[in-house]
1. Here's a check for you: in the stretch 62-95, which residue that is of a type in the set (A, V, I, L, M) and touching a Phe, Trp or Tyr at 6+ places or on another chain (Cβ under 8 Å) is surrounded by the most Cβ atoms within 10 Å (Cβ to Cβ)?
2. Kindly indicate whether residue 33 is under 18 Å from residue 296 (Cα atoms) and among the hydrophobic types (A, V, I, L, M, F, W, C).
3. Checking residue 320 against (1) in contact (Cβ under 8 Å) with a residue 60 or more places away in the chain; (2) touching a helix residue (DSSP H, G or I) at 6+ places or on another chain (Cβ under 8 Å), only one condition comes out false. Which one?
4. Evaluate the stretch 88-103: report whether one residue or more is in the same structural domain as residue 55 (by the TED database), assigned to a loop (DSSP other than H, G, I, E, B) and over 19 Å from the mean Cα position of the chain (by Cα).
5. Here are 149, 115, 194: which of them is surrounded by fewer than 22 Cβ atoms within 10 Å (Cβ to Cβ), modelled with pLDDT under 80 and over 19 Å from residue 17 (Cβ atoms)?
6. Considering the stretch 48-61 alone, what residues qualify as being open to solvent by 30 Å² or more (accessible area, probe 1.4 Å) and outside any helix (DSSP H, G or I)?
7. Check residue 422 against each of (1) in contact with a Ser or Thr (Cβ under 9 Å, 6 or more places away or on another chain); (2) within 20 Å of residue 165 (Cβ to Cβ) and name the one condition it does not meet.
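The values are calculated or read from the model by the stated rules, or taken from the named source; none is laboratory data. None of these values were measured; they are calculated from a predicted model. Don't worry about glycine lacking a Cβ; one is built from the backbone with ideal geometry, like all the others, and counts go over all protein chains shown. With ligands, DNA and RNA removed, areas are computed over all heavy atoms of the protein, side chains included. Shrake-Rupley method; radii C 1.70, N 1.55, O 1.52, S 1.80 Å.
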Amino acid sequence: KLAAEFPSEDILLITASPVIKAITNFKQVSKTLEEFDVEERPSSVLEKQYPNIKVIQSGVKQLKSDERKIFTEDGKEYMYEKLCLCAGAKPKLIFEGNPYVLGIRDTDSAQAFQKNLAQSERIVVVGNGGIALELVYEIQGCEVIWAIKDKAIGNTFFDAGAAEFLIQKLTAENRETPIECKRTKYTTEESEEKERPIAASDKLGSALGPDWHEGLHLKGTKEFSHKVHIETLCEVKKIYSQQEFIQLQRTSLTFPKEEKNVEPDEVLWPVYVELTNGRIYGCNFIVSATGVVPNVKPFLDGNSFAIGEDGGLKVDKHMHTSLPDIYAAGDICTASWEPSPVWHQMRLWTQARQMGWYAAKCMAADTLGESIDMDFCFELFAHVTKFFNYKVVVLGKYNAQGLGLDHELMLRCTKGQEYVKVVMQNGRMMGAVLIGETDLEETFENLILNQMDLSYYGEDLLNPDVDIEDYFD
């Protein structure tokens, strides 16, 4: 966006990764919903397309904002007039530095995971967001103990009702063949021939796109397809090596067949996990899919950035940080403006793309001394994704975030087919979750945006016999 706005200026992209993430097959589904694919491409593609862009492959060592300089790890320094920090986030590992704990966030770690899985009979997955959900659904031939701190799965995206709807798909023994995926597979240039070192957790690869598990052969050693046991309302208390566990002289458990009879495990495992509910399971390795923390560390030393409660760099409504001529966008930043009542920040690919594009517009407006309005994408939180092969659309305050007790929920559910939930407050629609091919996203988007009083329609709002799309067309 910057290169297009300023064709005669030099634009530097400093990145530690040998590839760049390109947005392809972009499709505006509705006013605020967008679908796109994320592909990894060599950086030369970008330089060919925009001759004023130069890609510098190196990590950043230090930022000296008072001198307007960036120092890279390869010993060079670069001056800037305006700077935008888009360094993303890094996985929040449950235990740092344990070789049996893998965090999944980028393509390197996904490959390390795949390699480990091929020799595994049982793994423990910790976390309850999008990556954990996808992972648990895709893994075959390996026992999965899934530890979540909430009552229900997918807490970031769903309520207990939606979780219940999806869980039937998770426990179904015979899986439908996965739908062929259009996205190209993720590889890093030149890396195929030579063996890649396993990604160290402090080396940040680029964040996975929405279909990251496609094309990864996620299969363990066992013959059965799908075995998942969910331990709810618990977290990992401690991790023991095999040696430590033997000295403990405590009993670990086999994979639970039914809730009631949990038997002691005779097998010796490489690593053991003790959960806060007192249960201990042995496994081959542990996947930490417990969210991300903004990757601000390289930029803080010697610079007085205002930092948000979640650890991100605070930005105002023009994506400015608290330091002059420094902007931030995506996972690294914390939106600190007064948001629309139906928008909130969430560290997702869709928002990273929107914020990056909007930050470039703001940098251009500031340079030219023009004023700029807040982009429309910040009017309504809207995200479309896929879980368990279902299309999933979340809109507005879809989990009644911040609405207190003063709201009501309306539901419609057809087992195995669709799940529709709307969040209502004072007769107005504030949010919605749509799972399956409901075709309601555009109608609901409009109803949330224009805040029309819907009290008159009552329960009929979700009545399948009332064709609501036509009604509000």
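1. So, considering only residues that are of a type in the set (A, V, I, L, M) and touching a Phe, Trp or Tyr at 6+ places or on another chain (Cβ under 8 Å), the one surrounded by the most Cβ atoms within 10 Å (Cβ to Cβ) is 85.
2. no
3. Failing condition for residue 320: (1).
4. No: the stretch 88-103 contains no residue that is in the same structural domain as residue 55 (by the TED database), assigned to a loop (DSSP other than H, G, I, E, B) and over 19 Å from the mean Cα position of the chain (by Cα).
5. Only one candidate qualifies: 115.
6. Hits for the stretch 48-61 are 50, 51, 54, 57, 60, 61.
7. (1)
For every residue, the table says whether it meets (1) free of Cβ contacts under 8 Å to residues at least 24 places away in the same chain; (2) under 18 Å from residue 440 (Cα atoms); (3) among the β-branched types (Val, Ile, Thr); (4) out of contact with any helix residue (DSSP H, G or I) (no Cβ under 9 Å at 6 or more places or on another chain).
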{"position": "394", "(1), (2), (3), (4)": "no, yes, yes, yes"}
{"position": "400", "(1), (2), (3), (4)": "no, no, no, yes"}
{"position": "407", "(1), (2), (3), (4)": "yes, no, no, yes"}
{"position": "410", "(1), (2), (3), (4)": "no, yes, no, no"}
{"position": "413", "(1), (2), (3), (4)": "no, yes, no, no"}
{"position": "416", "(1), (2), (3), (4)": "no, yes, no, no"}
{"position": "419", "(1), (2), (3), (4)": "no, yes, no, no"}
{"position": "422", "(1), (2), (3), (4)": "no, yes, yes, no"}
